[in-house]
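**Q** Below you will find the structure I want to go over with you.
The values are calculated or read from the model by the stated rules, or taken from the named source; none is laboratory data. All of these numbers come straight from a predicted model, not from anything done at the bench. So basically every Cβ, Gly included, is an ideal-geometry build from the backbone, and we count neighbours across all protein chains shown.
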Amino acid sequence: MKKSLTLALLLAAAPLAASAGELSYTYVEADFNRTNVDLDTVDFDFDGAALRGSVEFGQSAVYAFGGYAASTNDDLGVDIDLNEGQIGLGYHHEVSDNADFLAEISYVNVEAKVAGVSEDADAYRASIGFRGAIAESLEGQIKVNYTDGDGSDEFAPSFGAQWKFNQTWGLVGEAELGSDTNRYLVGVRASF
């Protein structure tokens, strides 16, 4: 009796375990983020929150993504706010059973506000990389990002991982390492 019950439970859970390894391009995510800005004479660490998401268009390989991050720093005794928004389109193409090639383009807006005075910067970004299942409950992502805007441009690699609890919920982490700006985040993702 116990063996039959155990076998029935394992068979019922098998579709959930298998789908925990699939890549989803439709999700919403809430994150804690840290942005480190390295100026010539001083470094600033901005801590805050971010909300990101993506939606795949039907069964196509095209998806839209976006996000907004708000963070602050008061190391100098003055609040400095750093807000960043991004919106874009992406394309994924399967290169193996558990890995996709990615290509993305996006618009980025960054606003820095000090003592009520704000400065905006606009940029465009192109990214290419790979995303894949490393294990049944673990996926990874690596991209090279080229950002061009307001008189400056740079290449920056980014790395990410998601540990999936089940087909919907996962814990995510990501790092982008630029020449003057590094971004780190950790959060919770709900995939659909």
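**Q** Among the residues of region 145-183, which ones are on the phi > 0 side of the Ramachandran plot and either of a type in the set (Asp, Glu) or modelled with pLDDT of 95 or more (or both)?
**A** Listed by number, the list holds a single entry, Asp150.
**Q** Counting just the residues of region 63-82 that are in a strand (DSSP E or B) and not hydrophobic (A, V, I, L, M, F, W, C), which one comes out surrounded by the fewest Cβ atoms within 10 Å (Cβ to Cβ)? Spell out how you get there, then give the answer.
**A** Step one: filter region 63-82 for residues in a strand (DSSP E or B), giving 63-73, 80-82.
From what is left, the residues that are not hydrophobic (A, V, I, L, M, F, W, C) are 63, 66-68, 71-73, 81.
On the way: Tyr63: 20, Gly66: 15, Gly67: 20, Tyr68: 15, Ser71: 21, Thr72: 13, Asn73: 19, Asp81: 16.
Within region 63-82, the match that is surrounded by the fewest Cβ atoms within 10 Å (Cβ to Cβ) is Thr72.
**Q** Which residue is farthest from Asn83 (Cα to Cα), if the candidates are limited to region 157-188 and must be polar (S, T, N, Q) and assigned to a strand (DSSP E or B)?
**A** Initial filter on region 157-188 (polar (S, T, N, Q)): 158, 162, 166-168, 179, 181-182.
Of the ones still in play, those that are also assigned to a strand (DSSP E or B) are 158, 162, 181-182.
On the way: Ser158: 20, Gln162: 25, Thr181: 14, Asn182: 15 Å.
Going through the qualifying residues, I end up with Gln162.
**Q** To continue, here is another question. Scan region 136-151 residue by residue and report those that are hydroxyl-bearing (Ser, Thr, Tyr) and either more than 18 Å from Glu22 (Cα to Cα) or part of a strand (DSSP E or B) (or both). Step through it out loud before you land on a result.
**A** Applying the first criterion (hydroxyl-bearing (Ser, Thr, Tyr)) to region 136-151 yields 137, 146-147.
Once the filter is applied, which keeps residues that are hydroxyl-bearing (Ser, Thr, Tyr) and either more than 18 Å from Glu22 (Cα to Cα) or part of a strand (DSSP E or B) (or both), region 136-151 yields Tyr146, Thr147.
**Q** While we're here: Looking at region 136-151 only, could you name the residues that are more than 28 Å from Glu111 (Cα to Cα) and either crowded, with 16+ Cβ neighbours inside 10 Å or without any contact (Cβ under 8 Å) to a residue 40 or more places away in the chain (or both)?
**A** As a first pass, look at region 136-151 and keep what is more than 28 Å from Glu111 (Cα to Cα): 136-140.
If the condition is that a residue be more than 28 Å from Glu111 (Cα to Cα) and either crowded, with 16+ Cβ neighbours inside 10 Å or without any contact (Cβ under 8 Å) to a residue 40 or more places away in the chain (or both), then Leu138, Glu139, Gly140 are the ones that fit.
**Q** Shifting gears a bit: In region 43-62, is there at least one residue being at pLDDT below 95, of a type in the set (D, E, K, R), surrounded by fewer than 15 Cβ atoms within 10 Å (Cβ to Cβ) and not in a strand (DSSP E or B)?
**A** no
**Q** Take Glu154 and tell me if it is of a type in the set (D, E, K, R), buried (at least 17 other Cβ atoms within 10 Å of the Cβ) and assigned to a strand (DSSP E or B). Can you show your working first?
**A** Working: of a type in the set (D, E, K, R): yes; buried (at least 17 other Cβ atoms within 10 Å of the Cβ): no; assigned to a strand (DSSP E or B): yes.
So Glu154 fails the test.
**Q** While we're looking at this one, here's another question. Which of (1) modelled with pLDDT under 95; (2) crowded, with 16+ Cβ neighbours inside 10 Å; (3) among the hydrophobic types (A, V, I, L, M, F, W, C) does Ala123 not meet, given it meets every other one?
**A** (1) is the only condition that Ala123 fails.
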